[in-house]
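Below is one structure, written out as structure tokens; comments come after it.
The values are calculated or read from the model by the stated rules, or taken from the named source; none is laboratory data. Small disclaimer: the values here were computed from a predicted structure and weren't measured. When we count neighbours, we look across all protein chains shown, and the Cβ atoms used for this are built from the backbone with ideal geometry, even at glycine. Heads up: the accessible areas ignore ligands, DNA and RNA and are worked out on the full protein's heavy atoms, side chains in. Shrake-Rupley method; radii C 1.70, N 1.55, O 1.52, S 1.80 Å.
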Amino acid sequence: MRLFIALELDETVKDQLDHISNEVKQFTSKGRFTNKENLHLTIRFLGEVKADSVDELIKAIDCTANQVQPFALYLDSIGSFLKKQKHVISVGVSGQTDKLADLYKALETQLEGIGYQKEARPFNPHITLGRQVQLNGTVKDLQSEVTVSRTPIHVNQLSLMESTRVEGKLVYRPIYQTLFKGLKR
Ligand code: 2AM
């Protein structure tokens, strides 16, 4: 199973991101854009995992969520990095990013305990809108043309997500969701 751990986004946030994505498309000639229902913020990509490892992953996720209280992030600004001369376009977040970093660290500690090596790359939270994007202008043009309104993201749960294909279509589906400390489960 191809798995990752993520923050799922509510409909208001997905609507806003979909709106931004449609605006971004006006400044591109090509690209693979994320379907609205698949939009999420990845905390940790796990890759191919055996089905019998899911139980220990769930324990690690529960243990992490038990150490974290709800916090708020906001959609912030458009970001981009180049991958094989094409752009990956994303939206960054602001707000209680220190709490997000704490969540990431707590999760990494739990995952290390069950044999996952710590990630070499620093955590760079973002929501990917499009991959293999060809821009008509520069990233700066895009950033000045497309406004990201400061939409709140209420972060109160962690999800274990499976990346799968349903009738040929890429689908990210939660296989486990757990609320943070003090919230009714
Ligand atoms: P991204 O948005 O940073 O690209 C589901 O595939 C999620 O896992 C994606 O949102 C993607 O994050 C992340 N992901 C996929 N393949 C990855 C890889 N090889 N390394 C790190 N993250 C990956």
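Some points to look at:
- Other residues within the sphere of radius under 11 Å centred on the Cβ of Leu129, judged by their own Cβ, net out at +2 (K and R +1, D and E -1).
- Note on the range 165-185 and the range 98-114: Cα centroid distance 19 Å, given to the nearest whole angstrom.
- Within the listed set Glu119, Glu37, Glu162, the Gaussian network model of the chain (springs between alpha-carbon atoms below 10 Å) gives the highest mean-square fluctuation for Glu119.
- Calculated [θ] (222 nm, deg cm²/dmol) that DSSP helices of n ≥ 4 give over the chain, each run adding -39,500 (n - 2.57): -8500 deg cm²/dmol
- Over the chain: Rg over Rh, Cα atoms, Kirkwood Rh: 0.97
- Around the amide H of Val68, modelled in the peptide plane, lie the amide H atoms of Lys181, all under 5 Å away and 5 or more residues distant in sequence or on another chain.
- Inter-label distance, nm, simple model (7 Å from Cα along the C-beta direction), Phe45/Arg185: 2.9
- Two-site label geometry, Arg2 and Gln67: point separation in nm, points 7 Å out along Cα→Cβ: 3.0
- Counting only residues at least eight positions apart within a chain, or on another chain, the aspartates and glutamates with an alpha carbon under 18 Å from that of Lys14 are Glu23, Glu37, Asp76.
- Label-to-label distance for Glu23 and Asn136 is 1.6 nm, based on points extended 7 Å past Cα in the beta-carbon direction.
- Greater than 32 Å apart at Cα, pairs in Lys99/Lys169; Lys36/Lys140; Lys140/Lys181: Lys99/Lys169; Lys140/Lys181
- Stretchable slack from Lys84 to Thr164, in nm (0.36 nm times residue separation minus alpha-carbon distance): 26.3 nm
- Backbone HN-Hα couplings from phi across the range 144-149 [Karplus 6.51/-1.76/1.60, Hz, Gly and Pro as x]: 7, 8, 9, 8, 9, 7
- Counting only protein heavy atoms and a probe of 1.4 Å, the accessible surface of the chain is 46% carbon and sulfur.
- Candidates Pro152, Pro70, Pro122: whichever shows maximal mean-square fluctuation once the chain is modelled as a Gaussian network with Cα springs under 10 Å: Pro122
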